[in-house]
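A.B. asks: Below is a structure I'd like to ask you about.
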Amino acid sequence: MTQRTASVTRNTLETRIQVSLNLDGTGKGVFNTGVPFLDHMLDQISRHGLIDLDVRAEGDLHIDAHHTVEDVGITVGQALAQAIGDKKGIYRYGHSYVPLDEALSRVVVDLSGRPGLHMNVEFTRARIGDFDVDLFQEFFQGLVNHAMITLHIDNLRGFNAHHQAETVFKAFGRALRMAVARDERMADMTPSTKGTLTENTPQG
C-alpha cells in the first residue's frame with residue numbers, strides 16, 4: 001500500500017515554514033510555530049484526523065502573527081495535496097459535527113480539486129488570549145487554495161470563543177479523516193464522474 005506522506009518547505013522574506021505529514025498516522029503531532037494558540041489548533045487537526053503532523057515555523061512575529069498563520073495554512077495545504085495524490089480509491093467527501101460544552105460546529109469537506117472556503121463563524125470576541133480570531137479565516141483560505149479542496153465551516157452555536165475555535169478545528173480533522181479514508185470498493189477508481197479531481201491549479 002502506497003504511503004501517503006509529504007514534506008514541504010516554504011521560505012519567503014516573511015516566513016520560513018516546514019511541514020511533514022502522514023495521512024495514515026496515529027495522530028502524533030509536533031508543533032513549533034511561535035504562535036501557541038495556532039499550535040493548539042493544529043494539534044486538534046492531528047489528533048482527531050489521525051494525521052501525523054509536524055509543523056515548524058519562523059515568522060515576522062515582531063509585526064504580528066498574520067503572515068505566520070496564513071503561510072502555515074498554505075504549507076499545510078501544499079503538503080495535503082501532495083500526500084492525497086491522485087485521489088483514487090478514497091471517499092472524497094467528509095463531514096463532522098463536534099460539540100464542546102455549549103459550542104457546536106459542523107465542517108464538510110470535498111476533495112474536489114477546486115479551492116473554495118465558505119466559513120460562517122461569528123466569534124463572540126475578537127481575541128483568544130493574544131490570538132486574533134480573524135486569522136482563522138486566513139489559515140483556512142491559504143489551506144484550501146493550495147490543498148485544492150472545498151471546505152464549509154459553520155459554528156452553529158457557542159459563546160466561548162475558545163470553544164468555538166476548538167470545535168471548528170476538531171471537526172475539520174475528523175471530516176478530513178473521513179474524506180481521505182480508503183474505500184476498498186473504489187479500488188483504483190477516481191470518485192468523480194469526470195474521471196479526474198486534479199485538473200485545476202492552486203490559486204494565490
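A.B. asks: List the residue pairs whose Cβ atoms are under 8 Å apart, where the first residue sits in the stretch 82-110 and is within 9 Å of residue 171 (Cα to Cα), the second is assigned to a strand (DSSP E or B) and acidic (Asp, Glu), and the two are 6 or more positions apart or on different chains.
C.D. replies: Pairs found: 105/154; 106/154; 107/154.
A.B. asks: Moving to a separate point now. Within the stretch 37-60, how many residues are over 14 Å from the mean Cα position of the chain (by Cα) and in a loop (DSSP other than H, G, I, E, B)? Please lay out each step first, then the result.
C.D. replies: Narrowing the stretch 37-60 to residues over 14 Å from the mean Cα position of the chain (by Cα): 37, 56-60.
From what's left, in a loop (DSSP other than H, G, I, E, B): 60.
Total satisfying the criteria: 1.
A.B. asks: May I ask you to list the residues in the stretch 38-64 that are closer than 23 Å to residue 167 by Cα, surrounded by fewer than 21 Cβ atoms within 10 Å (Cβ to Cβ), touching an Asp or Glu at 6+ places or on another chain (Cβ under 9 Å) and not aliphatic (A, V, I, L, M)?
C.D. replies: Scanning the stretch 38-64 gives 40, 52.
A.B. asks: Looking at residue 70, is it at pLDDT 95 or above and either farther than 21 Å from residue 40 by Cα or assigned to a loop (DSSP other than H, G, I, E, B) (or both)?
C.D. replies: Working: at pLDDT 95 or above: yes; either farther than 21 Å from residue 40 by Cα or assigned to a loop (DSSP other than H, G, I, E, B) (or both): no.
Spelling it out, it is not the case that residue 70 is at pLDDT 95 or above and either farther than 21 Å from residue 40 by Cα or assigned to a loop (DSSP other than H, G, I, E, B) (or both).
A.B. asks: Let me ask something else. Among the candidates 34, 25, single out the residue that is of a type outside the set (D, E, K, R), at positive phi, part of a loop (DSSP other than H, G, I, E, B) and free of Cβ contacts under 8 Å to residues at least 40 places away in the same chain. Explain how you work it out, then say what you get.
C.D. replies: Working: 25 fails: at positive phi.
One residue alone meets the criteria, 34.
A.B. asks: Inspect all residues belonging to the stretch 65-79 and state whether any of them is over 29 Å from residue 126 (Cβ atoms), crowded, with 21+ Cβ neighbours inside 10 Å, among the aliphatic types (A, V, I, L, M) and in contact with a strand residue (DSSP E or B) (Cβ under 8 Å, 6 or more places away or on another chain). So that I can check it myself, show each step before the final result.
C.D. replies: Of the stretch 65-79, the ones over 29 Å from residue 126 (Cβ atoms) are 78-79.
Add one more test, that the residue is crowded, with 21+ Cβ neighbours inside 10 Å, and what stays is 78-79.
Right, trim to among the aliphatic types (A, V, I, L, M) and you get 79.
Those still in the list that are in contact with a strand residue (DSSP E or B) (Cβ under 8 Å, 6 or more places away or on another chain) too: 79.
Yes; the residues of the stretch 65-79 include at least one that is over 29 Å from residue 126 (Cβ atoms), crowded, with 21+ Cβ neighbours inside 10 Å, among the aliphatic types (A, V, I, L, M) and in contact with a strand residue (DSSP E or B) (Cβ under 8 Å, 6 or more places away or on another chain).
A.B. asks: For the stretch 111-126, which residues satisfy the criterion of being farther than 24 Å from residue 146 by Cα and in contact (Cβ under 8 Å) with a residue 24 or more places away in the chain? Talk me through it step by step, then tell me what you get.
C.D. replies: Taking the stretch 111-126 first, the residues farther than 24 Å from residue 146 by Cα are 122-126.
Of everything in the stretch 111-126, those that are farther than 24 Å from residue 146 by Cα and in contact (Cβ under 8 Å) with a residue 24 or more places away in the chain turn out to be 122, 123, 124, 125.
A.B. asks: Quick check on this structure: which one of 33, 75 is at pLDDT 95 or above, closer than 21 Å to residue 169 by Cα and touching a His at 6+ places or on another chain (Cβ under 9 Å)? Break it down stepwise before answering.
C.D. replies: Values: 33 fails: touching a His at 6+ places or on another chain (Cβ under 9 Å).
None of the others qualify; the one that does is 75.
A.B. asks: Also: Is there a residue being under 22 Å from residue 117 (Cα atoms) and small (Gly, Ala, Ser) anywhere in the stretch 54-73?
C.D. replies: Scanning the stretch 54-73, I find at least one residue that is under 22 Å from residue 117 (Cα atoms) and small (Gly, Ala, Ser), so the answer is yes.
The values are calculated or read from the model by the stated rules, or taken from the named source; none is laboratory data. In this text the structure is predicted, and so the values were computed from the model without any measurement. Methodologically, a virtual Cβ is constructed for each residue, glycine included, from the backbone with ideal geometry; neighbour enumeration extends over all protein chains shown.
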